[in-house]
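Reviewing the structure listed below.
The values are calculated or read from the model by the stated rules, or taken from the named source; none is laboratory data. As the structure is a prediction and not an experimental result, all values here were calculated from the model. Because the Cβ atoms are built from the backbone with ideal geometry, glycine has one as well, and the counts that use them run over all protein chains shown. Accessible surface is based on the protein model in full, side chains and every heavy atom, while ligands, DNA and RNA are left aside. Shrake-Rupley method; radii C 1.70, N 1.55, O 1.52, S 1.80 Å.
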Amino acid sequence: MLLLCLGSRLSWLPNVISICGSAVASSKAPRVLVPLYEHFAPIWGSPPHEGFIDLYSKWGEGGWGMILTGNVQVDKRHMSIGRDLLIPDEITPATLAPWHRLADTIHYGSSVPPLSDTDTKRSGGPSDRPLALLQLSHSGRQSMNVYSGRKPFEPPLAPSAIRVGAAHAATDGWLSRMLHQLMMQVPREMTFDDIKYAVSEFVRGAQVAAQSGFDGVQVHAAHGYLVSQFISPKSNIRTDEYSADRDPLHFLRDIVQAIRAPGVVPADFVVGVKLNSADYARDTSQPQENRALNHVREIGSWGLVDYIEVSGGDYEDPQFIDTVENFKSARQVIFESFASQSMEILEKTSNPASRPPPLVCLTGGLSTLPKLTSVLCHSHAHLLGLGRLSILHPHLPSELRTALDAHAAGNFSSFLLAPPPALDPSGLGVPSVHALSARGVERLLCYLLTLLWTLVPARMPRIIGASASVGWYNIMLRRIAAGEDIDYTIGTIGATVRFYLGPTPYSPRDCEGRGGRTWWILAGLVGVAIGVGLGQVV
């Protein structure tokens, strides 16, 4: 996630925004690069390797105010769909070394820190460098069979024994139900010991971040992952002290308090929380806005959290990976008003530590300069979280600064006045100049694939359909890391196939080949299982 700040020349921005004592100059402070799913690691996770270094070096040079990594899993047995960064079991100089490299890359645009203030293009002091944060996550029930790191068909842990997909089992098609039964196991309800251990895993993640030079962490309490599962009544039907009705923030509070415990992390260590606006509805038509805002008020009262990012959706209702227009529901109404109301509430909330109230970061739909400025001008958020725009424009803050300088000098600049080009709605991509090129042949094969799909009497599972654009942006991340340009001739269909079935990209040198082969073997086994299922129905 990238934090975007628009510059001190705009009178409506403060001179300095301070996050947990870490000052970020106003020329960058409102700009946040939000977590993006890199999908770069070997199948069962790894520490940062050259692919991550290449990717984050591009953003580290871009003038961002704060850069967050994608999912960093704290539990090696609860990966999401594989290929995530993974917190080590033990903290040693050797296990911290790759994390040090990533932190330096984010801070300086290079894994080699400058020897002095004059030998690097990022030559300013700490306030001129982006804050570097790890996003800590535990997938809970949203960890896929086999790819999760567990034995095949071993159940994951969750607040309650409710399988992903159960909320829509009666209305989803047979293919969706079959895939959920194959890939998502009925979880085992967590015991108190399981909960305590999960909390300790988040603490270990925060310690890895602090000891390797990161400025803070974000606890992922959104998108249906474990913390979100405790908050949401659709995945938590417990009746004890961790009940979603009695104390839905209990698990999150345990994590944040443990991270803030004396001696765990430095006093100026940033702790953020990513909340899920979609968790505040028991169904798609009954939003519970007061409940959502009460949770914001409670988090602010702890005096432990520095900022709250507003997001929405999960694997069952994936608003967080598709456009606002496609999910204009009662839940989305909460998402659109949640941030601005949260700001008002937090400004009036006191806490025992007398800390500044948490800042609010708004993520989603910020695709043009008018939208960015409107959010800040109307005080709808303190921070602007940019994801997809940071892929299309890795140096966006620097480009915005240039455009604003031109405007101040009386020269018109059209940069970011209009949204980026829309992806080809057919899913095939922009036609290649040469029909017989590799891209042209791929486009033809994807077209034939769409024709074959029309013969299958099944509805596309919602997570696969909604993630088509995610796959495209993920492939663009790979191109950025490789120093290549954005390619609109790649369609969402071809990108999705690469995303789910392609070999491991940028695997570490000691895993080269092995990660890719393992992924292909597992993908083939899943394909066989799906094929057998199709054969029983078609």
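Quick notes
- Any hit, region 430-449, residues being closer than 25 Å to GLY364 by Cα and charged (D, E, K, R): no
- Looking only at region 367-382, and only at residues there that are under 22 Å from the mean Cα position of the chain (by Cα) and closer than 21 Å to ASN290 by Cα, the one that is most open to solvent (accessible area, probe 1.4 Å): HIS380
- Number of positions in region 222-242 that are open to solvent by 20 Å² or more (accessible area, probe 1.4 Å), among the β-branched types (Val, Ile, Thr) and touching a residue at least 40 places away in the same chain (Cβ under 8 Å): 1
- In the condition set (1) open to solvent by 10 Å² or more (accessible area, probe 1.4 Å); (2) more than 30 Å from VAL112 (Cβ to Cβ), ALA198 is compliant with all but (1).
- Qualifying positions in region 273-297 - open to solvent by less than 70 Å² (accessible area, probe 1.4 Å), modelled with pLDDT under 80, within 23 Å of the chain's Cα centre (by Cα) and not aromatic (Phe, Trp, Tyr): ASN276, SER277, ALA278, ASP279, ALA281
- Conditions (1) in contact with a Phe, Trp or Tyr (Cβ under 9 Å, 6 or more places away or on another chain); (2) at pLDDT 95 or above; (3) surrounded by fewer than 22 Cβ atoms within 10 Å (Cβ to Cβ): number failed by TYR147: (2)
- Count of region 166-195 residues which are in a helix (DSSP H, G or I), open to solvent by less than 70 Å² (accessible area, probe 1.4 Å) and at pLDDT 95 or above: 2
- Filter result (closer than 30 Å to GLN229 by Cα and open to solvent by 20 Å² or more (accessible area, probe 1.4 Å)) within region 48-80: LYS76, ARG77
- Subset of region 404-417 (residues that are open to solvent by less than 60 Å² (accessible area, probe 1.4 Å), outside any helix (DSSP H, G or I) and of a type in the set (A, V, I, L, M, F, W, C)): PHE415, LEU416
- The set of residues in region 243-272 that are in a loop (DSSP other than H, G, I, E, B), open to solvent by 20 Å² or more (accessible area, probe 1.4 Å) and closer than 20 Å to ILE162 by Cβ comprises ASP245, ARG246, ASP247.
For (1) open to solvent by 40 Å² or more (accessible area, probe 1.4 Å); (2) under 16 Å from TRP64 (Cβ atoms), each residue gets a yes or a no:
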| residue | (1), (2) |
| --- | --- |
| SER354 | yes, no |
| GLY365 | yes, no |
| LEU384 | no, yes |
| SER390 | no, yes |
| LEU396 | no, yes |
| THR402 | yes, yes |
| LEU436 | yes, no |
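- Boolean, ILE81 is closer than 28 Å to ASP405 by Cβ and out of contact with any Ser or Thr (no Cβ under 7 Å at 6 or more places or on another chain): no
- Of the residues making up region 227-242, those that are among the β-branched types (Val, Ile, Thr) and assigned to a loop (DSSP other than H, G, I, E, B) are ILE237, THR239.
- When the test is whether a residue is modelled with pLDDT of 95 or more and either in a loop (DSSP other than H, G, I, E, B) or of a type in the set (Val, Ile, Thr) (or both), GLY224 does not pass it.
- Hey, ILE391 hydrophobic (A, V, I, L, M, F, W, C), at pLDDT 85 or above and under 21 Å from the mean Cα position of the chain (by Cα) or not: yes
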